[in-house]
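All remarks here apply to the structure that follows.
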Amino acid sequence: MRAAGRDVIALSTGEPDFPTPRHVVEAAHRAALAGQTRYTATAGTPELRDVVAARAGVARGEVLISTGAKQVLANAMLATLDPGDEVIIPAPFWSSYVDIVTMAGGCAITVPCPMSAGFKLSPEALEQVISSKTRWLMLNSPSNPTGAVYSADELRALAEVLARYPHIWVISDEIYEHLNYVPVVSFRQAVPEMQGRTLIVNGVSKAWSMTGWRIGWGIGSKDLISAMTAVQGQVTSGSCSVSQAAALAALTEEDRHLQVRRAAFLARRDRLVDGLNRIVGIECPTPDGAFYVFPSIVGLMERGNFASDAAFCTWLLNEVGVAIVPGRAFGLDGHARISFAYSDDELAVGLARISGVVDRFC
């Protein structure tokens, strides 16, 4: 549409609008000039693995550096799933989760977690879907698309259920760890007794605005990391050497920008939530992390006689040039994901267009 000359405000992507910190770019430049342009070890450079390990309080052998957090997830599923094995995924979920499980021959068991439940999985709902074929529970906190954050008590309550099922492991996707507006606790910290059955997924993409550098990591038991490394060795080998040098700088040098950017996202969040809740037909809870809101648009769908959230989002794009993502893409109909990883001006224009066009329903 933009190529055709349309004025489109895209509030649909999960990518910070801030640049990669200058010191990170400069570190990559120095590494390239110094000849760090060859293959690295499949599991990552020792220097980067050591820094990740130190931050997590684990040994180097429990860390794998991959080409983004998505590859960590794919490595884990390909290394551990047999055909028909089940992975429990609370919905709404990041859209790639189900496809990664399916690609590895597994079966995704999605569990609806509505807005009334804070978009979070309860121990009761978890226990109802466990079977002898369950291999993993996949969590994401802070969440994409909802921004929901599990408290330490909520994580421990889920772990109490899993304690009765030792064949089930936990993947905790914590890529939005530093984009938090309430305290965030890692699953490993909340439930140390399950560290041997836990894989932490993280990376530099979101907090350090390094989406294109493609560096993520997994933290887990040595046996699991070894199996995942074997998979990665046949897919990509080691991650980009220069990107690993950049990630090392991100994790070891001054990080004041994290606080500055978190404050900017918080202000954007508050303005967007307030503006959306002023629109009749939208109910928008306040997210505790990440840079998304996931409002209910059921009222708008009813007012405008839309058959689905996807139909409304398509209409909004065509009518006023605002792109948002329907909730069904994340496994929960009747919602839409709106990203506030955009400038204040873009958010203001997008909000004004949404508000103005839905007034036609009255």
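The values are calculated or read from the model by the stated rules, or taken from the named source; none is laboratory data. Computed from a predicted structure; not experimentally measured. Note that each Cβ is placed from the backbone with ideal geometry, even for glycine, and that neighbours are counted across all protein chains shown. SASA here: full protein model, heavy atoms, side chains in, ligands and nucleic acids out. Shrake-Rupley method; radii C 1.70, N 1.55, O 1.52, S 1.80 Å.
Condition test on D99, is it open to solvent by 10 Å² or more (accessible area, probe 1.4 Å) and either within 17 Å of I168 (Cβ to Cβ) or touching a strand residue (DSSP E or B) at 6+ places or on another chain (Cβ under 7 Å) (or both)?
Here the answer is no, as D99 does not meet what is asked.
Given V182, V231, which one is in contact (Cβ under 8 Å) with a residue 40 or more places away in the chain, within 20 Å of A43 (Cβ to Cβ) and either crowded, with 21+ Cβ neighbours inside 10 Å or of a type in the set (V, I, T) (or both)?
None of the others qualify; the one that does is V231.
Working only within the range 58-73, note down all residues that are open to solvent by 30 Å² or more (accessible area, probe 1.4 Å) and within 22 Å of the chain's Cα centre (by Cα).
E62, T67, K70 - these are the residues of the range 58-73 that are open to solvent by 30 Å² or more (accessible area, probe 1.4 Å) and within 22 Å of the chain's Cα centre (by Cα).
From N75, N144, N140, grab the single residue that is under 18 Å from V231 (Cα atoms) and not aliphatic (A, V, I, L, M).
N75
Specify the residue that is nearest to S339 (Cα to Cα); the eligible residues are those in the range 162-171 that are touching a Lys or Arg at 6+ places or on another chain (Cβ under 8 Å) and assigned to a loop (DSSP other than H, G, I, E, B).
Looking at the filtered set, the residue picked out is I168.
Cβ-Cβ distance below 7 Å, separation of 6 or more or different chains: which pairs start in the range 29-57 with a residue that is open to solvent by 30 Å² or more (accessible area, probe 1.4 Å) and end on one that is part of a loop (DSSP other than H, G, I, E, B) and among the hydrophobic types (A, V, I, L, M, F, W, C)?
Taking only residues 6 or more apart or on different chains, the pairs are R49/A43.
What residue, among those in the range 325-346 that are in contact with a strand residue (DSSP E or B) (Cβ under 7 Å, 6 or more places away or on another chain) and open to solvent by 20 Å² or more (accessible area, probe 1.4 Å), is farthest from G147 (Cα to Cα)?
Only one residue fits best here, namely E346.
Suppose we keep only residues that are surrounded by 24 or more Cβ atoms within 10 Å (Cβ to Cβ) and polar (S, T, N, Q) within the range 137-171. Which one would you say is farthest from K120 (Cα to Cα)?
N144
Got a sec? Which of S226, S308 is in contact with an Asp or Glu (Cβ under 9 Å, 6 or more places away or on another chain), farther than 29 Å from D345 by Cβ and surrounded by fewer than 21 Cβ atoms within 10 Å (Cβ to Cβ)?
Only one candidate passes the filter, namely S308.
For the structure I just gave you, tell me whether A310 is at pLDDT 95 or above, touching a helix residue (DSSP H, G or I) at 6+ places or on another chain (Cβ under 9 Å) and farther than 30 Å from I109 by Cα.
no
From (1) at pLDDT below 95; (2) in contact with a helix residue (DSSP H, G or I) (Cβ under 6 Å, 6 or more places away or on another chain); (3) of a type in the set (S, T, Y), pick out the condition that doesn't hold for T45.
(1)
Go through (1) under 20 Å from P16 (Cα atoms); (2) buried (at least 21 other Cβ atoms within 10 Å of the Cβ) and name the single condition C284 misses.
(1)
Within the range 172-183, is there a residue that is of a type in the set (V, I, T), assigned to a strand (DSSP E or B) and in contact with a strand residue (DSSP E or B) (Cβ under 6 Å, 6 or more places away or on another chain)?
No, every residue in the range 172-183 fails to be of a type in the set (V, I, T), assigned to a strand (DSSP E or B) and in contact with a strand residue (DSSP E or B) (Cβ under 6 Å, 6 or more places away or on another chain).
Given the residues V357, V349, which is the only one that is open to solvent by 20 Å² or more (accessible area, probe 1.4 Å) and touching a strand residue (DSSP E or B) at 6+ places or on another chain (Cβ under 9 Å)?
Checking each option against the conditions leaves just V349.
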